[in-house]
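Encoded as structure tokens, the structure appears first; notes follow it.
Read-outs throughout are calculated quantities, based only on the coordinates presented, and are distinct from any laboratory measurement. What you are looking at is a predicted structure, and each value in this text was computed from that prediction instead of being measured. In this analysis, Cβ positions are derived from the backbone assuming ideal geometry, glycine residues included, and neighbour counts consider all displayed protein chains.
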Amino acid sequence: MEGKEVAQLYISCLSSKLFRAKQELKGFKKINLKPKESKEVTFILDEDCFAYYNIQNYQYEVEEGQYGISIGSSCRNIKFSTIINKRGNSVKTIDYKAKSPSYYEFYKNKLNPKEEEFKNIYNKELPIIANEIYPFTTNSTINDIKNTYGGDLIISAINKKAYKFISGDKAMEMAVKESLNDQPFRLMVMVTRGAINRKSIQGFVDFLNKHYIKGLLQILRNRK
């Protein structure tokens, strides 16, 4: 009986001044194998495999230094690794490690940079937010209500109705969840195929604006 395997090629810059992934998938090949059979797999590494986009001069460049080359069936099942020295472009790579250390340590902790750290990398003054989130409207999004009183219950209700049409597909659930975060409430009627109607949406808005009794009555009257 034939077996199938995928050989995956990963590259990591071991001496990088940039904050970047520990290793990046740069190629893969699917292999069919008969019992006791072995096959040789060849990967060609061109300059694009080592390049990154330099935001200082708006072009792709190669950072000089040591690179790890790894082969495995997944990023957690590496079978072979070696190290090479790679020449790079002459352009100087900016090192943000001293002023923005959080970006270099997000493997140890959840990424939560301070505003000053982000400004160092953004290299511009941050824009002033002109629009206040409160009061909420039907144009407000799930992201807007995440830290509000009752917001988690409303988000849970919307997600439950939206997931109903996915049939237990976890990957699709994650995709839907991410896409819902930035969708305005007025579109939830379409997203949930009418399971949440316009009057319920208005009830959510009233509740979030602290008209608790009015909002709750509107939600209860129109739930399906």
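Taking the longest Cα principal axis of the chain as reference, the axis of helix 212-222 is set at about 80 degrees. Of all lysines in the structure, those lying under 20 Å Cα to Cα from LYS160, and not within fewer than 8 positions of it along the same chain, are LYS146, LYS170, LYS177, LYS199, LYS224.
Based on the Stokes-Einstein relation at 37 °C and a viscosity of 0.692 mPa s, and on the Kirkwood radius from alpha carbon pairs, the chain is assigned a translational diffusion coefficient of 147 µm²/s. Take each peptide in 41-54, 102-115, count the other Cβ atoms within 10 Å of every residue, and average; sorted highest first, the result is 41-54, 102-115. Basic side chains Lys and Arg get +1 at the Cβ, acidic Asp and Glu get -1 at the Cβ, and with that the dipole of the chain about its Cα centre reaches some 1100 debye. Checking the cross-link pairs LYS29/LYS108; LYS4/LYS164; LYS17/LYS86; LYS114/LYS210; LYS79/LYS110 against a 23 Å limit on the alpha carbon distance flags LYS29/LYS108; LYS4/LYS164; LYS114/LYS210; LYS79/LYS110 as lying beyond it.
Rank these for me by crowding, GLU61, GLU24, going from fewest to most other beta carbons within 10 Å.
In order of increasing Cβ crowding within 10 Å: GLU24, GLU61.
Does region 70-123 classify as rounded, prolate or oblate by the C-alpha gyration tensor (a ≥ b ≥ c root eigenvalues; a/c under 1.5 gives rounded; else a/b over b/c gives prolate, otherwise oblate)? Oblate, since a/c reaches 1.5 and b/c is not below a/b.
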